[in-house]
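See structure below.
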Amino acid sequence: MAYELLTLERNDDGVAVVTLANGKVNPLSRELLGELKRAADELAADLPGAVVITGGDRIFAAGADISQFGGPDEAAEIGPLFHDTIGAFAALPRFVIAAVSGYALGGGCELALGCDYRIASEKAVFGQPEILLGIIPGGGGTQRLARVVGPSKAKEMCLTGRQVKAEEALRIGLADEVVAPEELHDRALALAAEVAKGALAAQAITKRLIDDGLSTSLDAGLAMERAGFVEVFGTDDSQTGVASFLEHGPGKATFTGS
Ligand code: COA
């Protein structure tokens, strides 16, 4: 089934690009969330090398579609839609990059937080303004934002609704890189392409260990790493990479991704 509120492109270099295209402000309506979930499922079923998620030029995404809010019954439907959709991208065993051009507010910020890495344009603005509507973030903001910027800054942002510009976002770790607006697309695609030609099976294990390790104790995380270290030596790429190093030196291996 075709998409109407986003585009999904697959480039020859293995990079998949998801672009939100829901009008001027990209509200994350139920319909857009449904399409995003479908896109994540499509990517999971036929994995690319890396993923870039981007939005409009001035507005990455303005958050949940406020016109679809109602009472607790609607919230009980919308909350899981957000969690399932953003969780599906977060769970992709590939590097997922958010390229944030402008406003990433509410669910827009939460979608970016569900990505592994955020590249922001100098014009990007992040925020969790839900409190100004008398509500709370429902797309993972209370959890993922705190894990990214720490609990005190997350509380300050979520309790005041203050918006954070690119430079501050970089300083607090909410953005991983800030680039000129005209460089955003190329930078995101170049990083994604570099990752896409890497040892994808090892990347998948690494991503899983880092994400799972963040929700557990250090000892349990280290135990998971020991198991992952054994697992990775069962991949073809580990044999290729080690043999290539011994024969040709570092960084010369050509990986198959398996
Ligand atoms: N859901 C539904 N509609 C939204 C929306 C949202 N999250 N954000 C903006 N809109 C609508 C506005 O109501 C307006 O509709 P109208 O043209 O019918 O009046 C239109 O989009 C343009 O918004 P406007 O505020 O006039 O544009 P702007 O360029 O001045 O500002 C934003 C853009 C995104 C900064 C601003 O709209 C905003 O702060 N939006 C709300 C963000 C938010 O609170 N998100 C969390 C939701 S829980």
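Laid out as a table, the results:
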{"read-out": "Given (1) more than 13 Å from the ligand (Cβ to nearest atom); (2) not in a loop (DSSP other than H, G, I, E, B), number of the condition Glu4 does not satisfy", "value": "(2)"}
{"read-out": "Test: residue in region 142-157 that is buried (at least 20 other Cβ atoms within 10 Å of the Cβ), assigned to a strand (DSSP E or B) and not polar (S, T, N, Q)", "value": "no"}
{"read-out": "Answer from Ala196, Ala190, Ala180, Ala124 - the residue that is among the hydrophobic types (A, V, I, L, M, F, W, C) and either touching a Leu at 6+ places or on another chain (Cβ under 9 Å) or within 16 Å of the ligand (Cβ to nearest atom) (or both)", "value": "Ala124"}
{"read-out": "Lone qualifier among Leu145, Leu132, Leu159 - being within 16 Å of the ligand (Cβ to nearest atom) and under 16 Å from Gly114 (Cα atoms)", "value": "Leu145"}
{"read-out": "For Gln68: the one exception among (1) within 13 Å of the ligand (Cβ to nearest atom); (2) closer than 23 Å to Lys123 by Cβ", "value": "(2)"}
{"read-out": "Pro137, sole failed condition from (1) within 12 Å of the ligand (Cβ to nearest atom); (2) buried (at least 23 other Cβ atoms within 10 Å of the Cβ); (3) closer than 27 Å to Pro181 by Cα; (4) not polar (S, T, N, Q)", "value": "(3)"}
{"read-out": "Subset of region 222-249 (residues that are more than 24 Å from Arg208 (Cβ to Cβ) and either touching a Ser or Thr at 6+ places or on another chain (Cβ under 9 Å) or surrounded by 16 or more Cβ atoms within 10 Å (Cβ to Cβ) (or both))", "value": "Ser244"}
{"read-out": "Unique match (being touching a strand residue (DSSP E or B) at 6+ places or on another chain (Cβ under 7 Å), closer than 22 Å to Lys123 by Cβ and not in a strand (DSSP E or B)) among Val25, Val52, Val17", "value": "Val25"}
{"read-out": "Residues of region 169-185 classified as in a helix (DSSP H, G or I), within 24 Å of Leu214 (Cα to Cα) and not hydrophobic (A, V, I, L, M, F, W, C), total", "value": "1"}
{"read-out": "Residue check, Asp41 at pLDDT 95 or above, farther than 23 Å from Thr142 by Cβ, part of a helix (DSSP H, G or I) and acidic (Asp, Glu)", "value": "yes"}
{"read-out": "Filter result for Gly55 (buried (at least 23 other Cβ atoms within 10 Å of the Cβ) and either within 11 Å of the ligand (Cβ to nearest atom) or within 15 Å of the chain's Cα centre (by Cα) (or both))", "value": "yes"}
{"read-out": "Qualifying residue in region 163-179 (condition: in contact with a helix residue (DSSP H, G or I) (Cβ under 9 Å, 6 or more places away or on another chain), farther than 30 Å from Glu231 by Cα and surrounded by fewer than 15 Cβ atoms within 10 Å (Cβ to Cβ))", "value": "yes"}
{"read-out": "Any hit, region 120-129, residues being out of contact with any helix residue (DSSP H, G or I) (no Cβ under 6 Å at 6 or more places or on another chain), surrounded by fewer than 24 Cβ atoms within 10 Å (Cβ to Cβ) and farther than 21 Å from Val25 by Cα", "value": "no"}
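Results for (1) away from the ligand (no atom under 16 Å from the Cβ); (2) of a type in the set (Phe, Trp, Tyr); (3) surrounded by fewer than 20 Cβ atoms within 10 Å (Cβ to Cβ), shown as yes or no for each residue.
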position: Thr19; (1), (2), (3): yes, no, yes
position: Ala39; (1), (2), (3): yes, no, no
position: Ala45; (1), (2), (3): yes, no, yes
position: Phe60; (1), (2), (3): no, yes, no
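The values are calculated or read from the model by the stated rules, or taken from the named source; none is laboratory data. Predicted model only: the values in this text are computed from it and were never measured. All Cβ positions, even for glycine, are placed from backbone atoms using ideal geometry, and neighbour counts span all protein chains on display.
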